[in-house]
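K.L.:
Below are the structure tokens for one structure; questions will follow.
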Amino acid sequence: MKTKEVLSSNQTIEKTIEIAEKLRAEFIEATIEFVPNWYESIVNKFILTFPPAADKLTAEHKKSIRNELRVLQDSIHIELTNILTRDQYWWHSGEITDVPREFYKDIDNILDFDLRVIFGKVGFILEDYGFIKKNHFDGDKGFVAHKDDSNRYYFEYVYPIYWSDMMKRRMDNYWENYKYYLTIK
């Protein structure tokens, strides 16, 4: 959907908010589609580019990795939905007031930590098979382990995160819709 399709010259505030909710849902859908594919590409990259650990993998190990990966891929949509439906990220939710016109340019920074932890979930699979270590700084491999308030480990992906084209397009449309809302408000 192009921005010009999103906006019309006679669009009402209510219609603009309705479109914003639709675009948010489409962004969430695009993210839910992107993350499982990203997990798979990361696992494949580690298997191909880190021979010491990859060489130790038997056929049974590789099958187990695929099964664990599939479980993660199938389960992540619930957590992504819970994170991405938080009102703190979306102007049309009413929780954010006085949103600067250029706020959308920083949305990836605002979502950054939550997405880094979501991407880091594949780190547990990589750790189980010797690619990264929980108690060792593996920032050079893209993952760093932290302890939460409950003293449980979680991995954070520390390399740059590049959204899919569809995610970028949906977010751009969402914020173009917001800029239009400002003109009619």
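K.L.:
Would you pick out the residues in the stretch 31-40 that are open to solvent by 10 Å² or more (accessible area, probe 1.4 Å) and either under 13 Å from G123 (Cα atoms) or among the acidic types (D, E) (or both)?
P.N.:
Hits for the stretch 31-40 are E33, W38, E40.
K.L.:
Suppose we filter the stretch 138-185 for residues that are on the phi > 0 side of the Ramachandran plot and within 21 Å of the chain's Cα centre (by Cα); how many remain?
P.N.:
So the count comes out to 1.
K.L.:
Scan (1) at pLDDT below 75; (2) open to solvent by less than 50 Å² (accessible area, probe 1.4 Å); (3) closer than 18 Å to K168 by Cβ; (4) of a type outside the set (D, E) for the single condition G139 breaks and write down its number.
P.N.:
Condition not satisfied by G139: (3).
K.L.:
Here's a follow-up. Quick one: would you say M171 is at pLDDT 90 or above, surrounded by 12 or more Cβ atoms within 10 Å (Cβ to Cβ) and within 16 Å of L111 (Cα to Cα)?
P.N.:
No, not satisfied.
K.L.:
Please find, within the stretch 45-74, the residue that is modelled with the highest pLDDT out of those that are in a helix (DSSP H, G or I), farther than 29 Å from I32 by Cα and open to solvent by 70 Å² or more (accessible area, probe 1.4 Å).
P.N.:
The extreme case among them is A59.
K.L.:
Examine the stretch 3-12 for a residue that is within 16 Å of M171 (Cβ to Cβ), modelled with pLDDT under 95 and part of a loop (DSSP other than H, G, I, E, B), and state whether such a residue exists.
P.N.:
Yes: the stretch 3-12 contains one or more residues that are within 16 Å of M171 (Cβ to Cβ), modelled with pLDDT under 95 and part of a loop (DSSP other than H, G, I, E, B).
K.L.:
If you don't mind, there's one more thing I want to ask. List every residue pair whose Cβ atoms lie under 9 Å apart, where the two residues are 6 or more positions apart in sequence or sit on different chains, the first residue falls within the stretch 31-42 and is over 17 Å from N67 (Cα atoms) and among the aliphatic types (A, V, I, L, M), and the second residue, located anywhere, is open to solvent by less than 40 Å² (accessible area, probe 1.4 Å) and in a helix (DSSP H, G or I).
P.N.:
Hits for this filter: I32/I76; I32/L80; I32/L84.
K.L.:
Working only within the stretch 48-66, note down all residues that are within 25 Å of S164 (Cα to Cα) and free of Cβ contacts under 8 Å to residues at least 60 places away in the same chain.
P.N.:
Matches in the stretch 48-66: L48, T49, R66.
The values are calculated or read from the model by the stated rules, or taken from the named source; none is laboratory data. If you're wondering where the values come from, they're calculated on a predicted model, not measured in any experiment. So basically every Cβ, Gly included, is an ideal-geometry build from the backbone, and we count neighbours across all protein chains shown. SASA here: full protein model, heavy atoms, side chains in, ligands and nucleic acids out. Shrake-Rupley method; radii C 1.70, N 1.55, O 1.52, S 1.80 Å.
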